[in-house]
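Please treat every number below as a calculation from the coordinates, not as lab data. Please read these numbers as outputs of a predicted model, since none were measured by experiment. Ideal geometry is used to build each Cβ from the backbone, glycine not excepted, and the neighbour counts take in all protein chains shown.
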Amino acid sequence: MNKTKNKYHPPSRIMGSLAIILLNSLLLFHSVYSSHAISQPSDHGKQNREIVVISKDSTKHFKDSMSPVGYDGSISATQPFPEWLADFTYLKEWPGIDPPYVPLSFIDMNQIPNSVPIHEMGACPGDRTGCSFDCHKCVAQDDIYTCPKLSQSFDDGPSPVTTRLLDNLQHPTTFFTLGINVVKYPEIYKQIQAKGHLIGSHTWGHKFLPSLTNEQIIAEIEWSIWAMNATGNHIPKWFRPPYGGIDNRVRHILRLFGLQAVLWDYDTYDWQLLNNQRTEQQIFDEARSWLASSGGQKRGMILEHDAHDRTIDVALELSNNIIGHDQLTAAQCVNGVEYIKTFGVDNEEYAAAAAVNVNENFIYVS
Ligand SMILES: *[C@@H]1O[C@H](CO)[C@@H](O)[C@H](O)[C@H]1NC(C)=O
Ligand SMILES: [Zn+2]
């Protein structure tokens, strides 16, 4: 039996401008985990390393690109901790903001590239070979960053306000959920699912992945997958990195899980409503001029958040009166599968990890 000690827990981040405090988990794990096999589809298929830089003006705004994620340590998980996960992890409950690393048999730590420099948010390496999206807006061939139809997507939920969005949205969309919120609001997660929207992973606890160790990145991903599987009976295919924090080290790990990144080419900065750096009117005006400038093409992937009442209002106005309802989910944008695997009532399962779905024409936009 392999034994692996849990790695250190980084200090929680404090998102100063939003005065959002990510509380430390009360649970300090220093347990010893036993490693054994868990069946997980892995993607050893096409791993094209070709990269393309999508924007000349790269790092603008990225430093303050913080989203309104809140972590309220006083709300505890209501989703039961499933037996299959207890058997596998030897734990009894969902973790707090710093999930423990649980080794997985299909991950070879020695294969994870060690040439990509670890960086904190905004502290960008001069070396661009790591293909960082947060620093240089670099995307890999299997990343999605736009869509043939102008389409919204929502990060950081589920949250209590998600329900109002669901009640009023008139087209399928994509939600990138945080594992820690999935297990707090499982009923809202299931509503998203029942309404026919696509759900992807946005990590467990919204950390900036390029600053983490490999073990910490794996923990953020595996726990988000387990939360989604426990709640929605499916394994995600699509992944949105918090703060757009992704480089080739993070991508390597994602691909082992069969995940593909969904980035964006249009940011509403809707979270800036919450610290009064931005008004609703500005967001609408900018969206209208983006539409106008695209010459009626109406394409793109829009970043929004379903975390606060005001971002929900903005989302509905954009959808109902500016963009329209001819939108696509991230999977539809590339004709891809919705989930790697679905555990249905009728046991219908489909595996699709091997088919990294890349529409090359669509990726190579200059
Ligand atoms: C997903 O959940 C099913 C139970 O519905 C379990 O058997 C399976 O091992 C889980 N897989 C992962 C990767 O979480
Ligand atoms: Zn986010």
What's the percent breakdown of Cα-Cα distances in segment 191-231 across 5 Å bins, shortest bin first?
5, 23, 26, 20, 13, 8, 5, 1
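What ranking do E187, E83, E338, E304 get, fewest neighbouring Cβ atoms within 10 angstrom at the top? Working shown, then result.
Numbers: E187 11, E83 8, E338 20, E304 27.
Arranged by neighbour count, lowest to highest, E187, E83, E338, E304 become E83, E187, E338, E304.
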Assertion target for C135, C124, ordered by fewest C-beta neighbours within 10 angstrom first, is C124, C135
For the residues D155, D87, D313, what sequence is obtained by ranking on other C-beta atoms within 10 Å, fewest first?
D87, D313, D155
Enumerate the whole-percent occupancy of each 10 Å bin, from 0 to the last occupied one, for all C-alpha pair distances of segment 146-268.
14, 48, 33, 6, 0
